[in-house]
Amino acid sequence: MKKKFVLLAVLVIFAMILGACAPAVEEPVVEVPVVEEPVVEEPVVEEPVVEEPVVEEPVVEEPEEIAPLPQGQELANAYAGMYSGTVVTMAGPFTDQDAVIFNDSIAAFEEATGIDIQYEGSKEFEANIMIRLDGGDRPDIVDFPQPGLLQTAVDKGYAIDMETLINPDWIKENYTQAWQDLATMNGMVAGIWARANGKSFVFYPKATFEDYGYQIPETWDELMALTEEIAADGDTPWCIGIESGAATGWTMTDWIEDVLLRVAPPEDYDAWVAGELPFDSPQVNEALDYIEAIWFNDAHVYGGRAAIPTTFFGDAPKPMFDDPPGCWLHRQGNFITSFFPEELEAGVDYDFFYLPPIKEEFGKPVLGAGDIYAVFDDRPEVRAVIQYFSTGESLKYWIEVGGAIVTHNDASLDWYADPVTRGVAETIRNATTFRFDGSDLMPGSVGAGTFWKYMTDYVSGTVSRTEALQQIDASWPE
């Protein structure tokens with residue numbers, strides 16, 4: 001039994017071995033047919049191509065370079081129209097006829113450049129300008145008839161050095177050293193000179209003067225003899241007036257300066273202007289002796305002494321041209337001709353002679369003055385205007401109509417339209433001594449202040465000569 005079991009086991013094992021060794025029967029592969037889906041092509045919708053316009057960048061052309069003028073680049077720019085529509089403000093003493101002539105003289109420049117120069121003239125200019133400057137209400141350009149006032153502005157640091165505004169080489173080329181020196185303050189060129197004038201002249205109605213047989217005096221004694229001769233004929237020799245708004249009295253100060261140059265050496269005049277020679281000095285008192293002989297004699301002055309303080313200086317000479325003349329002689333600067341009646345002809349209806357010397361040793365001195373322009377705001381258009389004012393062209397119109405003497409070297413003597421003004425220029429050129437108006441050089445508080453005030457009081461008779469001179473001396477700043 002046991003043997004049968006063993007045999008059976010062997011058979012089973014052997015069957016298993018055979019089964020393992022038999023080849024595998026592969027299942028038939030049934031291929032599933034691939035059904036291709038039809039490809040449906042979607043129509044391509046083309047987006048419309050929107051072409052953006054090509055924006056061409058503007059071609060910016062570089063501006064052509066403007067060649068500078070000798071005075072500066074800004075003046076050339078102005079004539080090219082670069083500052084058209086701008087405004088430049090000015091302040092000064094020009095009123096009445098002077099204001100008209102000034103505006104006429106700048107009209108061509110304004111038209112050529114489009115710059116509007118607005119000049120504000122006032123008879124109270126001297127009294128108000130420092131108030132405006134101190135308060136910050138500063139015009140672009142100020143026209144100072146008193147360098148002493150400009151000196152005050154320079155001391156306060158308000159004025160701008162001209163050599164930063166105008167080509168310095170041009171200033172040296174177009175102004176003599178004397179005028180440059182007069183404009184130099186605190187080591188800088190504080191201004192440029194514009195209209196100038198001489199003051200040592202006596203105007204008279206030429207045609208009538210000659211009809212009456214009067215002779216031109218060559219000495220002070222001859223001048224006084226002519227004065228007495230006219231008075232003896234029943235007429236009034238002198239036309240005198242010192243009213244000028246806030247500047248009333250300056251006409252008297254001019255007389256003192258002119259006569260002082262004739263009785264004392266120029267060194268004394270310089271010392272007086274500098275405050276080193278007192279007003280109440282023998283020299284000044286001697287000058288006043290000569291003046292009083294004319295001014296305080298009612299027979300010698302139109303309207304008498306009492307009329308002098310209330311007669312506007314511009315109206316004072318007008319009676320010379322009455323028929324017959326109300327007065328015959330008027331000592332004044334050459335600018336006074338702009339106040340004469342327009343129909344008069346220079347050299348025919350009126351003429352002038354040099355205010356005669358007194359002491360021979362002092363020769364033939366000439367007193368002069370002028371307007372000096374200073375700048376208080378630095379802008380291109382302001383530079384252009386002040387550069388223009390540094391040219392003789394800026395004064396050409398005023399010279400041609402009369403009433404101005406040139407300070408610019410580029411101006412022609414041919415511009416003088418009449419023999420009187422040309423003669424004035426020649427007199428200044430031939431002067432043995434030339435001095436600038438003393439009151440204009442003094443500190444503003446004196447030259448444009450107490451000097452005017454106390455001379456007016458003195459002429460009016462409200463104070464004595466000694467009181468007036470001592471008050472001025474006491475007012476001189478330390």
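The values are calculated or read from the model by the stated rules, or taken from the named source; none is laboratory data. These numbers come from a predicted model, not from an experiment. We place every Cβ from the backbone using ideal geometry, glycine too, and count neighbours over all the protein chains shown.
Listed by position, the helices (runs of 4 or more DSSP H) inside segment 158-232 whose residues that are in contact with a Ser or Thr (Cβ under 6 Å, 6 or more places away or on another chain) number at least 1 are 177-183. Cβ-Cβ contacts under 8 Å between residues 6 or more apart (or on different chains), taken from a first residue in segment 346-368 that is modelled with pLDDT of 95 or more to a second residue that is in a loop (DSSP other than H, G, I, E, B) and buried (at least 19 other Cβ atoms within 10 Å of the Cβ), are listed as Asp349/Pro205; Tyr350/Pro205; Tyr350/Phe340; Phe353/Pro217; Tyr354/Ser200; Leu355/Ser200; Pro356/Pro217. Only a single criterion out of (1) farther than 30 Å from Asp377 by Cβ; (2) crowded, with 20+ Cβ neighbours inside 10 Å; (3) modelled with pLDDT under 95 is not satisfied by Asn174, namely (1). For segment 109-126, the candidate set comprises residues that are out of contact with any helix residue (DSSP H, G or I) (no Cβ under 8 Å at 6 or more places or on another chain) and at pLDDT below 95; within that set, the residue that is nearest to Glu381 (Cα to Cα) is Phe125. Annotation note: of Leu367, Leu469, the sole residue that is buried (at least 23 other Cβ atoms within 10 Å of the Cβ), in contact with a Leu (Cβ under 9 Å, 6 or more places away or on another chain) and not small (Gly, Ala, Ser) is Leu367. Taken together, Ala287, Ala307 contain a single residue that is closer than 28 Å to Leu469 by Cα, surrounded by 15 or more Cβ atoms within 10 Å (Cβ to Cβ), in contact (Cβ under 8 Å) with a residue 40 or more places away in the chain and more than 34 Å from the chain's Cα centre (by Cα), which is Ala307.
Between Glu222, Glu243, Glu228, the distinction of being touching a His at 6+ places or on another chain (Cβ under 9 Å) and either more than 20 Å from Leu329 (Cα to Cα) or at pLDDT 95 or above (or both) belongs to Glu228 only. Taking the conditions exactly as written (hydrophobic (A, V, I, L, M, F, W, C) and in contact (Cβ under 8 Å) with a residue 24 or more places away in the chain), does Trp452 satisfy them or not? So Trp452 passes the test. Residue check: is Leu367 in a strand (DSSP E or B) and of a type in the set (A, V, I, L, M)? Spelling it out, Leu367 is indeed in a strand (DSSP E or B) and of a type in the set (A, V, I, L, M). Select from segment 88-124 the residues that are charged (D, E, K, R), more than 16 Å from the chain's Cα centre (by Cα) and farther than 16 Å from Ser338 by Cβ and write down the one among them that is surrounded by the fewest Cβ atoms within 10 Å (Cβ to Cβ). Looking at residues that are charged (D, E, K, R), more than 16 Å from the chain's Cα centre (by Cα) and farther than 16 Å from Ser338 by Cβ, I get Glu111. The condition of being in contact with a Pro (Cβ under 6 Å, 6 or more places away or on another chain) and of a type in the set (Gly, Ala, Ser) holds for only one of Gly333, Gly368, Gly326, Gly314, that being Gly326.
Between Ala112, Ala108, which is part of a helix (DSSP H, G or I), small (Gly, Ala, Ser), over 28 Å from Met442 (Cβ atoms) and without any contact (Cβ under 8 Å) to a residue 40 or more places away in the chain?
Working: Ala108 fails: without any contact (Cβ under 8 Å) to a residue 40 or more places away in the chain.
None of the others qualify; the one that does is Ala112.
When the helices (runs of 4 or more DSSP H) confined to segment 412-463 are screened for residues that are under 17 Å from Leu182 (Cβ atoms), those reaching at least 3 such residues are found at 438-441.
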